[in-house]
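Taken together, the values in this text are just the output of simple stated rules run on the coordinates, not laboratory data. On a predicted model such as this, the values are computed, not experimentally measured, just so you know. Note: ideal-geometry Cβ built from the backbone for every residue, glycine included; neighbour counts use all protein chains shown.
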Amino acid sequence: MRFNDLGIDFKYLLVNEKDKAFGLTVNTVGFQPIAPNALYPSTDHPKSYYFNPQKGRVLSEYQFVYISKGKGIFESESTKKRAIAKGQIMILFPGQWHSYQPLKDIGWNEYYIGFEGSIIDSIINKSFISSQNQVLDVGTSEELVNLFSTAIRVAKEDKKSAQQYLAGIVFHILGMILALSQNKNYEARESTQVIERAKIIMGENIHKDIDVKEIASKLGTSYSWFRKFFKEYTGYAPAQYFQELKLRKAKELLTETNLPIKEIAYELNFSSIEYFLSFFKQRVNITPSEYRKMNGNG
């Protein structure tokens, strides 16, 4: 079974003058899973973002590019060619030549967000981040992945004040990567990274049924150890945690979309609408329809 094979998911945003006055705007956000021997980058991107890794490119914005799986290489005007691995984030700077790509026989999963504005310029001028140190080791973090995923969702919904919401997410990501890269104690423990990696796998495969024993095997650990430490770290057994993720996503779809309940059950890979209704009511004590109405979407 292949894990983390969600399709490419991205959004390019329009920015108006009022948004610019806020001081930070987001131009693009996305996720790309690059399988071994796959074309990179995808030709789906606009010409201003598409690039040949052999030639590199220059952007007019800042970007955070987080690698949650796989390996690759990175280089820029200020950074010699170096290896990149999961748990690292590349910080790209406007006007700076750079290039990066996954190793062809391994591939990688990348999350990215591109932004600009006077606020971030000020942060750079105060040396919180620097083009002299643009690859940070932040470890495998489900919370960081969730921030990128939330940004993708907010961008695609494109509601009023979406730009201000996205600006807040950029600040959250920035604060998190600074904290994670500078505080490598408990987070850096190998056992913790295994659990964080498992949580990301579950989150990226929420539309499937997964075998948690297979995840443990893929991560190179025994299931008995994996189950014990996973519960110690999260408070849930692995299978329970995956169910909680499905429940959380079901609640999100019920309150933030108008998808029919049957379609939500199908999207989350429940075996039947009846099983989904039973699953939801058992955990929330009300039906999905009642939950939707109580939260103002019915």
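What translational diffusion coefficient, to the nearest whole µm²/s, does region 16-174 have by Stokes-Einstein, given a Kirkwood radius computed over alpha-carbon pairs, a temperature of 37 °C and 0.692 mPa s viscosity? Walk me through the intermediate numbers first.
On the way: Rh = 16.1 Å.
D = 205 µm²/s.
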Neighbour-count ranking for H207, H172 (other C-beta within 10 angstrom, fewest to most) reads H207, H172
Diffing region 203-218: the Karplus 3J(HN,Hα) column from phi (6.51, -1.76, 1.60, θ = phi - 60°), in whole Hz with x for Gly and Pro, holds x, 7, 10, 5, 8, 10, 9, 10, 9, 5, 5, 5, 4, 4, 4, 5
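Which value, in debye to the nearest 20, gives the size of the charge dipole of the chain about its Cα centre, when Lys and Arg are +1 and Asp and Glu are -1 at the Cβ? Numbers along the way, then the final one.
Details: 38 positive and 32 negative charges, 69 e Å.
Dipole size: approximately 340 debye.
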The helix 142-157 Cα axis meets the longest alpha-carbon principal axis of the chain at an angle in degrees, between 0 and 90 and rounded to 10, of 90 degrees
Distance in Å, no decimals, from the C-alpha centre of region 242-298 to the one of region 208-232 is 26 Å
Measuring from the longest principal axis of the C-alpha atoms of the chain, the long axis of helix 162-182 (C-alpha) lies at a number of degrees, nearest 10, equal to 80 degrees
Here, region 29-89 modelled as identical Cα point scatterers in vacuum has Debye log10 I(q)/I(0) at q = 0.12, 0.26 Å⁻¹ of -0.32, -1.74
Per the C-alpha gyration tensor (a ≥ b ≥ c, the square roots of its eigenvalues), region 83-185 is rounded if a/c is under 1.5, else prolate if a/b beats b/c, else oblate; here it's rounded
Links exceeding 25 Å between C-alpha atoms in this model, out of K69/K160; K71/K199; K86/K208; K86/K213, come to K69/K160
Other residues with Cβ under 14 Å from the Cβ of Y111 give, with Lys and Arg +1 and Asp and Glu -1, a net charge of -1
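Expressed as cubic angstrom per residue, what is the convex hull volume of the alpha carbon set of the chain? Intermediate results must be reported in sequence, preceding the final value.
Details: hull volume 43.4 nm³, N = 298.
Convex hull volume per residue, Cα atoms: 145 Å³.
Using Cβ contacts closer than 10 Å as the measure, can you line up V212, V170 from fewest to most? If you can, show how the numbers build up before the last one.
Values: V212 20, V170 23.
Listed from fewest to most nearby Cβ atoms, that is V212, V170.
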Here the residues of region 85-129 lying in the modelled label zone of E77, meaning backbone nitrogen under 15 Å from a point 7 Å along Cα-to-Cβ, are 92-99
Taking a ≥ b ≥ c as the square roots of the eigenvalues of the Cα gyration tensor, with a/c under 1.5 meaning rounded and otherwise prolate when a/b exceeds b/c and oblate if not, region 111-267 is oblate
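If I take R0 = 35 Å and measure r between the Cβ atoms of S278 and Y236 in this structure, what FRET efficiency does the formula 1/(1 + (r/R0)^6) give, to the nearest 0.05?
The calculated FRET efficiency here is 0.95.
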Binned at 5 Å from zero, the C-alpha pair distances of region 211-298 give percents of 3, 14, 21, 20, 13, 12, 10, 6, 2, 0
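Add -39500 (n - 2.57) for each DSSP H run of 4 or more in the chain, then divide by its residues: what number comes out at 222 nm, to the nearest 500 deg cm²/dmol?
Dividing the helical sum by the residues of the chain leaves -13500 deg cm²/dmol.
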What the 10 Å binned alpha carbon P(r) of region 58-113 shows, as percent of pairs per bin from 0, is 25, 56, 18, 0
